[in-house]
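Written below as structure tokens is the structure these notes are about.
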Amino acid sequence: MNKDQVEIDGVKYQRVQPNGNRAVVVVDRGWIFAGDVTEKDGRIVLSRVVWVFNWHSIGFAAVVANPKAKGVDIRQMPTLVDLPVDSEIFRLPVDDFWGL
């Protein structure tokens, strides 16, 4: 094993290497995701995705600054999110482990 692996109960886990392209992406109809962004063939593909489900008592800027703040509901997504590029309203670059 190397320093990027750990073994627990006989199962080896490999550290995910971030690609430096993580962003909070706001898309039409109010959906907000964060993930590692790749663009290909007119699509935005997000990996290591979280869904910014909702928040209260703070504003959007505070959510971006501290996704673990009280009142912020961020949910893990079990798969990639694949979006048409035209659905993007805006994106904000964030650190490689934002929301995880």
Total residues in segment 1-48, condition in a strand (DSSP E or B), of a type in the set (D, E, K, R) and either modelled with pLDDT of 85 or more or under 15 Å from residue 87 (Cα atoms) (or both) = 6
Counting just the residues of segment 27-48 that are β-branched (Val, Ile, Thr) and in contact (Cβ under 8 Å) with a residue 24 or more places away in the chain, which one comes out surrounded by the most Cβ atoms within 10 Å (Cβ to Cβ)?
-> 44
Run residue 98 past the list (1) surrounded by fewer than 17 Cβ atoms within 10 Å (Cβ to Cβ); (2) hydrophobic (A, V, I, L, M, F, W, C); (3) within 9 Å of the chain's Cα centre (by Cα) and report the number of the one that doesn't hold.
-> (1)
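The values are calculated or read from the model by the stated rules, or taken from the named source; none is laboratory data. Predicted, not measured: the structure shown is a model, and the values here were computed from it. Cβ coordinates were reconstructed from backbone atoms using ideal geometry, including for glycine residues, and neighbour counts include every protein chain displayed.
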